[in-house]
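**Student:** Take this structure, written in structure tokens, and hold onto it; I'll ask about it next.
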Amino acid sequence: MAQPMTLTEEQLQLRAVVRQFAEDKIAPHAAEIDRTAEYSWENFRALVGMELTGLSYPEQYGGAGASLVEQAIVAEELSRVCAATSLSFLISKLGMLPVLNFGSDDLKSRYIPRIVSGASQCSYGLSEPDAGSDVASLTTKAVSDGDDWVITGTKCWITNAGISDLYTIFARTSPDRYKGITAFLVEAGWGVQVEKLEHKLGIKGSPTGIIRLDEVRVPDANRIGDVGQGFAAAMHTLDRSRPTIGAQAVGIAQGALDYA
């Protein structure tokens, strides 16, 4: 039988500090964020000021090297007062997990410090209109052209669409259903277009949208892992990101109970 988890003294202190921060800096803007359905750069800057944008990343890239438990604590406390801001904390880690676990040292050194400092944000581009739960049926294509790849396709339900300047894109590089998918880290300025932002019932301050890539040229140096390793990287990433989404749900529930 699984034993209940007991937080360490340091983790309890982290919870107390983040709860006070969330109450003081994040909560006052939550209602307005929901009313206007606009991304809060003020809250994001507050996360940067508390060095929470670097919490999840290795120390060698300027991060704090926090454990998954500590990341879940922060996600829960932010969600307790503002679910949209909790996604501002979580989304870049989702986008960068393939880079952390499969990317080259060069790719890590070029991009992870940008995320840690808050200079960049990253979104995860896996789902498509006809490839949701069955992501292996994705049709976005990446065609090799010299030292580059030319990517064309559409991705939907993209958290932080239009805010992120980096997108982890999964594209088909061969017809093989599972081994024909490769991942790439794409800079928005290379041609990523936001086609539509969704109207949502909740978490309105975190944009969710459809993005389109129309023959976007990406250097091979921005390929994540080996050619054909994309499906494995995608599933590996989802397995490791779900616990903090659970923590987000717990935080939302706790906020509702506290308010009631």
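The values are calculated or read from the model by the stated rules, or taken from the named source; none is laboratory data. Keep in mind the model is a prediction, meaning the values are calculated, not measured. Cβ atoms come from the backbone with ideal geometry, glycine included; neighbour counts cover every protein chain shown. We work out accessible area using only protein heavy atoms, side chains counted, and drop any ligands, DNA or RNA first. Shrake-Rupley method; radii C 1.70, N 1.55, O 1.52, S 1.80 Å.
**Student:** Inside the range 94-126, can you point out the residues that are out of contact with any Ser or Thr (no Cβ under 8 Å at 6 or more places or on another chain), touching a residue at least 60 places away in the same chain (Cβ under 8 Å) and part of a helix (DSSP H, G or I)?
**Tutor:** Scanning the range 94-126 gives F102, D106, L107.
**Student:** So for the range 153-173 (the condition being open to solvent by 50 Å² or more (accessible area, probe 1.4 Å), of a type in the set (F, W, Y) and farther than 19 Å from D130 by Cα), does at least one residue qualify?
**Tutor:** No, the range 153-173 contains no residue that is open to solvent by 50 Å² or more (accessible area, probe 1.4 Å), of a type in the set (F, W, Y) and farther than 19 Å from D130 by Cα.
**Student:** Evaluate the following for I26: is it more than 16 Å from the chain's Cα centre (by Cα), in a helix (DSSP H, G or I) and surrounded by 15 or more Cβ atoms within 10 Å (Cβ to Cβ)?
**Tutor:** yes
**Student:** Working carefully through the options G209, G191, G251, G202, find the one that is loosely packed, with under 14 Cβ neighbours inside 10 Å, farther than 21 Å from F102 by Cα and touching a residue at least 24 places away in the same chain (Cβ under 8 Å).
**Tutor:** Being loosely packed, with under 14 Cβ neighbours inside 10 Å, farther than 21 Å from F102 by Cα and touching a residue at least 24 places away in the same chain (Cβ under 8 Å) holds for just one of G209, G191, G251, G202, which is G202.
**Student:** Count, please, the residues in the range 53-67 that happen to be assigned to a helix (DSSP H, G or I) and touching a Gly at 6+ places or on another chain (Cβ under 9 Å).
**Tutor:** Summing the residues that are assigned to a helix (DSSP H, G or I) and touching a Gly at 6+ places or on another chain (Cβ under 9 Å) in the range 53-67 gives 4.
**Student:** Condition test on A46, is it touching a helix residue (DSSP H, G or I) at 6+ places or on another chain (Cβ under 6 Å), part of a helix (DSSP H, G or I) and either open to solvent by 40 Å² or more (accessible area, probe 1.4 Å) or not aromatic (F, W, Y) (or both)?
**Tutor:** yes
**Student:** Return a yes/no flag: does the range 34-41 have any residue that is assigned to a helix (DSSP H, G or I) and under 25 Å from T8 (Cα atoms).
**Tutor:** No, that holds for no residue.
**Student:** If E70 satisfies all but one of (1) in a helix (DSSP H, G or I); (2) open to solvent by less than 20 Å² (accessible area, probe 1.4 Å); (3) at pLDDT 95 or above, what's the number of the condition it fails?
**Tutor:** The failed condition is (2).
**Student:** Here's another thing I want to ask about it. Can you tell me which residue within the range 1-23, out of those that are open to solvent by less than 80 Å² (accessible area, probe 1.4 Å) and touching a residue at least 24 places away in the same chain (Cβ under 8 Å), is farthest from the chain's Cα centre (by Cα)?
**Tutor:** In this case the residue turns out to be L7.
**Student:** List the pairs whose first member sits in the range 226-245 and is in contact (Cβ under 8 Å) with a residue 12 or more places away in the chain and under 16 Å from L87 (Cα atoms), whose second member is of a type in the set (S, T, N, Q) and open to solvent by less than 40 Å² (accessible area, probe 1.4 Å), and whose Cβ atoms are under 8 Å apart, counting only residues at least 6 apart or on separate chains?
**Tutor:** Once the first residue is in contact (Cβ under 8 Å) with a residue 12 or more places away in the chain and under 16 Å from L87 (Cα atoms) and sits in the range 226-245, its partners that are of a type in the set (S, T, N, Q) and open to solvent by less than 40 Å² (accessible area, probe 1.4 Å) give T244/Q71.
**Student:** Could you identify the single residue in R177, R240 that is farther than 24 Å from D106 by Cβ, open to solvent by 10 Å² or more (accessible area, probe 1.4 Å), among the charged types (D, E, K, R) and out of contact with any Gly (no Cβ under 9 Å at 6 or more places or on another chain)?
**Tutor:** Of the residues listed, the single one that is farther than 24 Å from D106 by Cβ, open to solvent by 10 Å² or more (accessible area, probe 1.4 Å), among the charged types (D, E, K, R) and out of contact with any Gly (no Cβ under 9 Å at 6 or more places or on another chain) is R177.
**Student:** Out of (1) more than 21 Å from L97 (Cβ to Cβ); (2) assigned to a loop (DSSP other than H, G, I, E, B); (3) in contact with a strand residue (DSSP E or B) (Cβ under 6 Å, 6 or more places away or on another chain), the odd one out for A161 is which?
**Tutor:** Against the list (1) more than 21 Å from L97 (Cβ to Cβ); (2) assigned to a loop (DSSP other than H, G, I, E, B); (3) in contact with a strand residue (DSSP E or B) (Cβ under 6 Å, 6 or more places away or on another chain), A161 comes up short only on (1).
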